[in-house]
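Here the structure is laid out as structure tokens; the discussion comes afterwards.
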Amino acid sequence: DGGITQSPKYLFRKEGQNVTLSCEQNLNHDAMYWYRQDPGQGLRLIYYSQIVNDFQKGDIAEGYSVSREKKESFPLTVTSAQKNPTAFYLCASSFYRAGGELFFGEGSRLTVL
Amino acid sequence: QKEVEQDPGPLSVPEGAIVSLNCTYSNSAFQYFMWYRQYSRKGPELLMYTYSSGNKEDGRFTAQVDKSSKYISLFIRDSQPSDSATYLCAMSPAYSGAGSYQLTFGKGTKLSVIP
């Protein structure tokens, strides 16, 4: 079955540690995205990538980093510079065209202890 | 003014009721309109997709777009407890250019259908 796989589903980290969230898709989509979701805040775009080896900052990129070495993969690193990293992180993908609908993964819940 | 406004609720209705969810927007360039459903601790899933103005029906769900009023709606008939979720509207323009294919989301409306 085609889809988007995020891992891990739940993650705990201590303050000062970097952590990497995995996102893999087998939908042959061009574009991939990372969103952060907090209660009452809706979805906020962290980074997006239209093609391999290229990515752009979204609205809240500070404290995060990404890479896009393969079409299928778009990992997100939450660095120690991120002031408030506890959140629900969603990866999505789409064909990069007007009206391209997003397909989401199941999400990763990060808690900083 | 935010580009997309959506009442966060929560909205609580009895089973069998007709539910009306809506979003308003300010960007007249939006041409594609979507509704996503998100269950608790899950990723959003696409529920309805419409292009430009008009109505679209799929089972118990009807999506309406009124571009003249910059207003979109999602109606749920004969609501069921399994419809309890957060509903997010999303929209995007039709023109090309860097970043223009981004979806703009509403903040979501939390719906509870009480048996």
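The values are calculated or read from the model by the stated rules, or taken from the named source; none is laboratory data. Quick caveat: nothing in here was measured; it's all calculated off a predicted structure. Cβ placement follows ideal geometry from the backbone for every residue including glycine, while neighbour counts extend to all protein chains displayed. Please note that ligands, DNA and RNA were not included when accessible areas were found on the heavy atoms of the full protein model with its side chains. Shrake-Rupley method; radii C 1.70, N 1.55, O 1.52, S 1.80 Å.
Worth a mention:
- Flag if B:S82 is within 14 Å of the chain's Cα centre (by Cα) and without any contact (Cβ under 8 Å) to a residue 60 or more places away in the chain: no
- Between A:Y35, A:Y10, the distinction of being of a type in the set (F, W, Y), under 28 Å from B:R37 (Cβ atoms) and open to solvent by less than 40 Å² (accessible area, probe 1.4 Å) belongs to A:Y35 only.
- Residue match in the stretch A:82-99 (condition: away from every other protein chain (no Cβ under 12 Å) and outside any loop (DSSP other than H, G, I, E, B)): yes
- Scanning the stretch A:66-111 for residues that are in contact with a Phe, Trp or Tyr (Cβ under 7 Å, 6 or more places away or on another chain), open to solvent by 50 Å² or more (accessible area, probe 1.4 Å) and within 20 Å of B:Q38 (Cα to Cα) turns up just one, A:R109.
- Restricting attention to the stretch A:48-77 and to residues that are away from chain B (no Cβ under 14 Å) and within 10 Å of the chain's Cα centre (by Cα), the residue that is farthest from A:N18 (Cα to Cα) turns out to be A:F74.
- Residue match in the stretch B:49-58 (condition: open to solvent by less than 20 Å² (accessible area, probe 1.4 Å), modelled with pLDDT of 95 or more and either out of contact with any helix residue (DSSP H, G or I) (no Cβ under 6 Å at 6 or more places or on another chain) or closer than 30 Å to A:P8 by Cβ (or both)): no
- Criterion (within 11 Å of another protein chain (Cβ to nearest Cβ) and open to solvent by 60 Å² or more (accessible area, probe 1.4 Å)) met by exactly one of B:S40, B:S28: B:S40
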